[in-house]
């Protein structure tokens, strides 16, 4: 098990990697059209018709499976499972998320609302 100092060192390295790529890890603002997670889950049929939705929350779990990354987000209203597909997001974004996202991070994500089978 990693020590707190090792965890801190890794997190600081990831922070530096984000900044090196021109990504501000602590942005001043967020999308004005962001939806609450409970609203998206409860009104799935409404949002399924939209071309794209924006959600935000804290990463509670991450698990990868080949060209897929499943992640669970939570905000004050509820939880939501997200899916990042390498063939849809592109290699660069997929690898960025795989390498630098951690449980506990706050993120904003955009995409389509779909149900998995």
*Filter segment 29-49 for residues that are more than 26 Å from residue 100 (Cα to Cα) and free of Cβ contacts under 8 Å to residues at least 24 places away in the same chain and give the result.*
42, 43, 45, 46, 49
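Mind checking whether some residue in segment 58-65 is over 19 Å from residue 98 (Cβ atoms), at pLDDT 95 or above, assigned to a strand (DSSP E or B) and touching a helix residue (DSSP H, G or I) at 6+ places or on another chain (Cβ under 9 Å)? Reasoning before the result, please.
Narrowing segment 58-65 to residues over 19 Å from residue 98 (Cβ atoms): none.
No, segment 58-65 contains no residue that is over 19 Å from residue 98 (Cβ atoms), at pLDDT 95 or above, assigned to a strand (DSSP E or B) and touching a helix residue (DSSP H, G or I) at 6+ places or on another chain (Cβ under 9 Å).
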*Which one of these does residue 104 not meet: (1) in a loop (DSSP other than H, G, I, E, B); (2) at pLDDT 90 or above; (3) surrounded by 11 or more Cβ atoms within 10 Å (Cβ to Cβ); (4) in contact with a strand residue (DSSP E or B) (Cβ under 8 Å, 6 or more places away or on another chain)?*
(3)
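Determine, yes or no, whether residue 62 is surrounded by 14 or more Cβ atoms within 10 Å (Cβ to Cβ) and under 18 Å from residue 14 (Cα atoms). Steps first, please.
Details: surrounded by 14 or more Cβ atoms within 10 Å (Cβ to Cβ): yes; under 18 Å from residue 14 (Cα atoms): yes.
Against the criterion (surrounded by 14 or more Cβ atoms within 10 Å (Cβ to Cβ) and under 18 Å from residue 14 (Cα atoms)), residue 62 qualifies.
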*Which pairs do you get when a residue that is without any contact (Cβ under 8 Å) to a residue 40 or more places away in the chain, found in segment 8-28, comes within reach of a residue that is surrounded by 11 or more Cβ atoms within 10 Å (Cβ to Cβ) and not in a helix (DSSP H, G or I), reach meaning Cβ atoms under 9 angstrom, with the pair 6+ apart or on two chains?*
10/102; 15/25; 19/25; 25/105; 27/108
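The values are calculated or read from the model by the stated rules, or taken from the named source; none is laboratory data. What you are looking at is a predicted structure, and each value in this text was computed from that prediction instead of being measured. Cβ: placed from backbone, ideal geometry, glycine included. Neighbour counts: every protein chain shown.
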